[in-house]
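The values are calculated or read from the model by the stated rules, or taken from the named source; none is laboratory data. Since the model is a prediction, treat every value here as computed from it, not as a measurement. Cβ placement follows ideal geometry from the backbone for every residue including glycine, while neighbour counts extend to all protein chains displayed. The accessibility values were calculated without ligands, DNA or RNA, using every heavy atom of the protein model including side chains. Shrake-Rupley method; radii C 1.70, N 1.55, O 1.52, S 1.80 Å.
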Amino acid sequence: MSQSNCNIITSKLCDANRKNLDDEIIKKRKKSLDITFLEEDTLDEFEANLNKICGKTSYIFKRKLSSYILSTISVIVIMFALISASIYEDLFKKIIFEMPFDWNLNDSVALVFVLIFFFGLVSMPSILDGESSQFKTLLQAWFNKDARRLKRLNLALASIDKKVVINLYNVDLALKEHWIWSVLVKALVNRFTNINFYVRNDQSKIIYKRLKELKVLNIDIIKNTNEFNPCNLDILLSSKEQKLLSLLQLSSSLIIKKVKNKEFISLELFEYCGRNFLDENKTKGTQLISGFQNFINRSFDDFSFLKQEKSMQIYFTSNVKIKELEDEQRRLSYYLRNHIEECVRNFENPISLLVLYYYVKNIVLDEKRNILILEKFLETVEKKQHYELIDEFWFDIANDMFDASNLEDFEATNTSIYRKISITSLNRLIFLFERNGHFEQALRVANYLYEINPNKYAVNICSLYERMGQFNLAYESLPLSLELKKAVKPTDIEVRYFQRKAWIIVSQRREDKKQEGIECLEKLKELLFSHNEDNEPLWLWHYYNIKANYEEWNKNYTLAIENYKKCLSIPALGAFEYGATFVNLAIAYRFMYLTNPTHNKDIIQKSIDIGTIGVALKNSVGDRDEMPVVLHNQALNFLYKKELSLEELEKVLALTNEGITILDNTNSIKRLGMLLIENIISCQLLENSCNENINRLELHWKNMDNNEHQQILNIYKEYRLNNKLEGIKFLEELI
């Protein structure tokens, strides 16, 4: 039994003096001996360090002397055995082959040697198994490598006072079979009175068990309070801990280049990547030996790598030395890109989603997947009440909220995140902006959503003005009275019925059905605005778009433009709807130009510019249904400008060629006549051949309605009367 007093001390690894791999394993102090173990250390290096501490000359002398004595005894035993065997052989030759023979003194001496050798062999097992047998130890030291080393260590340590306190750091990294435990610790507990083991918290019970196996009687576990202690512990980490520390860095907000204060950690992302991303873990199919949770606990308690001031907000301390991990970041980015939906589904910490977004934002082709991350981020910020994250990170992601009333900036704000996130997320943003004191931003979002539910957002706007101390504006933002509507929100089929009917009539300009179309539009209005719930954005878009078309039909182009602008102010729509609105808005400006006596060229140029945005938006969604109509209207916008440059004429030709090709591929004839006449005009102005399209237009004439006939004749006359075109015979006859 060992009489050593062993203390197992946790959360004090920072006390270790060894800071570099080249530092000595052993450091001698006045009343203590510090031994700091690293994974790379060998027993030979330890012995070399110990030689310097113990005094090399004395130690070598003892070691060599004991070796020489052992060798001498061994040689004598072997020689004695050889002599005894020879004597035994001679004696038995005489007994077997020379009987009878004369017995003399030499024969008696030979018999004595043989008997001694015989009884020695018979008693050898008892000698070897005898308690505290020095001979057995001697033989073990001769034949067993660890035993020889243990003997050498005992010799060296014998020169050190037993009362010196031994401080062992980091030995919990070594397995039970390692030389640290099989040689060094065994020698220390048999020699010294007080030994302190500085280990990780989760290893204390394992160390306690090992010491019990070494028959140590007095063992205490001392757990220190967790106080931050600045120190460099990188060198003490195992290779697995180094890998996990790198992964912890990859799971932090260091990926965000503009982090202002602290590098937040996502433990969710850390564990997810540890279980799925690390090659070692995937190969073994099991958890890493260190364990994710154990490493996190060590990072808090043993290494002082992490601190936590608020729930789910964990950050690095100054003890962490940041590494260059660009290659690992790139590999992790592509891995996470392939698992966005799984991550969004499982993560509940806003920091996790924030880090995930920055990893994938530049490599995700489908922007909706990025929006999915941001919407979950807003949800978790609200749920976990980490409002300050909005102030710290949101505006770097989405910039300021745009002014929805300023439609002149639509092209600049078209790619804004605020136009892509859902109504639910926009409502969350109003609340989160308010919590952060960004009242102007909250007001802009509320105004953006106003058309969805005017009563609801009027109250929200009033509340925001009140928070800003602008009581007059708060009062004025409220309606004079609130109509409490009893109707329930209509079903989609009810809304679509009146939408379709009103639209078919206005799109054909059916004068005989015009009143019926107006009545359908009024019924649609009643359905949309007779309930208290939020309207669907698409319902509102269709309503204002149809209303604008009826205003165009009545030649109220100013009112038509106002309604189209309302379409653009409706949130949470896509490029398809916004693109169609720009196309229609361009048409309205074109009609305004044509009916303006002065023919203000600024108006037709605005029509062209707005139409260009519409074409781009429609192209962005790959729309082949409405695209020919879009292309025809943009070509018409150019042609009514009349004074066209060569570049503009080539643009008209390209637009019409594309439109005709789409119609041919889709077996459609919608607006084919308009595309053909526009193509013929641009070809003639460019002095290109167009006979084929002229013949095609004549054959197609009977398939068009009167409205399209009139539009073709109008644009033809504009250019024919100015003698800019060669006459088209069948059109000349119709004028």
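Checking the condition among the aliphatic types (A, V, I, L, M), open to solvent by less than 20 Å² (accessible area, probe 1.4 Å) and in contact (Cβ under 8 Å) with a residue 60 or more places away in the chain, which residue from Leu631, Leu617 passes?
Working: Leu631 fails: in contact (Cβ under 8 Å) with a residue 60 or more places away in the chain.
Step by step, each of Leu631, Leu617 is checked, and only Leu617 is among the aliphatic types (A, V, I, L, M), open to solvent by less than 20 Å² (accessible area, probe 1.4 Å) and in contact (Cβ under 8 Å) with a residue 60 or more places away in the chain.
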Suppose the filter is more than 21 Å from the chain's Cα centre (by Cα), at pLDDT below 90, polar (S, T, N, Q) and over 22 Å from Val355 (Cβ atoms); does Ser304 pass it? yes
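Residues to consider are Ile296, Ile219; find the one that is touching a Cys at 6+ places or on another chain (Cβ under 6 Å) and modelled with pLDDT of 85 or more. Steps first, answer last, please.
Numbers: Ile296 fails: touching a Cys at 6+ places or on another chain (Cβ under 6 Å).
Going through Ile296, Ile219 in turn, just one is touching a Cys at 6+ places or on another chain (Cβ under 6 Å) and modelled with pLDDT of 85 or more: Ile219.
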Within region 154-168, the residues that are within 21 Å of Glu213 (Cβ to Cβ) and modelled with pLDDT of 90 or more are Ile166, Leu168
Among helices (runs of 4 or more DSSP H) completely within region 492-598, the ones holding 1 or more residues that are within 40 Å of the chain's Cα centre (by Cα) are 492-508, 537-553, 557-569, 575-595
When Gly469 is run through (1) part of a loop (DSSP other than H, G, I, E, B); (2) touching a residue at least 12 places away in the same chain (Cβ under 8 Å); (3) farther than 19 Å from Glu536 by Cα; (4) not aliphatic (A, V, I, L, M), the failure sits at (2)
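Could we say that Leu426 is modelled with pLDDT of 95 or more and either over 26 Å from the mean Cα position of the chain (by Cα) or closer than 27 Å to Leu254 by Cβ (or both) here?
Working: modelled with pLDDT of 95 or more: yes; either over 26 Å from the mean Cα position of the chain (by Cα) or closer than 27 Å to Leu254 by Cβ (or both): no.
No; evaluated as a whole, the condition is false for this residue.
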Selection from region 6-51 of residues open to solvent by 50 Å² or more (accessible area, probe 1.4 Å), within 19 Å of Leu237 (Cα to Cα) and not in a helix (DSSP H, G or I) yields Lys12, Asn17, Lys19, Asn20, Leu21, Asp22, Asp23, Glu24, Glu39, Glu40, Thr42
Check your understanding: farther than 23 Å from Asn346 by Cα, of a type in the set (D, E, K, R), in a helix (DSSP H, G or I) and at pLDDT below 90, is that true of Glu411?
Key -> yes
Picking from Leu655, Leu672, Leu721, Leu676, the residue that is open to solvent by less than 70 Å² (accessible area, probe 1.4 Å), of a type in the set (A, V, I, L, M) and closer than 24 Å to Asn600 by Cβ would be Leu655
Note: among Asp492, Asp512, just one is open to solvent by 20 Å² or more (accessible area, probe 1.4 Å) and more than 30 Å from Gln711 (Cα to Cα), namely Asp492
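For every residue, the table says whether it meets (1) of a type in the set (Gly, Ala, Ser); (2) surrounded by fewer than 16 Cβ atoms within 10 Å (Cβ to Cβ); (3) more than 20 Å from Glu45 (Cβ to Cβ).
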position: Ala158; (1), (2), (3): yes, yes, yes
position: Leu173; (1), (2), (3): no, no, no
position: Val183; (1), (2), (3): no, no, no
position: Lys205; (1), (2), (3): no, yes, yes
position: Lys212; (1), (2), (3): no, yes, yes
position: Leu237; (1), (2), (3): no, no, no
position: Lys240; (1), (2), (3): no, no, yes
When every residue in region 397-413 that is open to solvent by less than 70 Å² (accessible area, probe 1.4 Å) and within 26 Å of the chain's Cα centre (by Cα) is compared, the one nearest to Arg435 (Cα to Cα) is Met401
Given (1) assigned to a helix (DSSP H, G or I); (2) open to solvent by 10 Å² or more (accessible area, probe 1.4 Å); (3) closer than 19 Å to Gln711 by Cα, Asn637 misses just (2)
Within region 702-735, the residues that are within 17 Å of His632 (Cα to Cα) and hydrophobic (A, V, I, L, M, F, W, C) are Met704, Ile712, Leu713, Ile715
Matching residues in region 334-366 (of a type in the set (S, T, N, Q) and surrounded by fewer than 19 Cβ atoms within 10 Å (Cβ to Cβ)) number 3
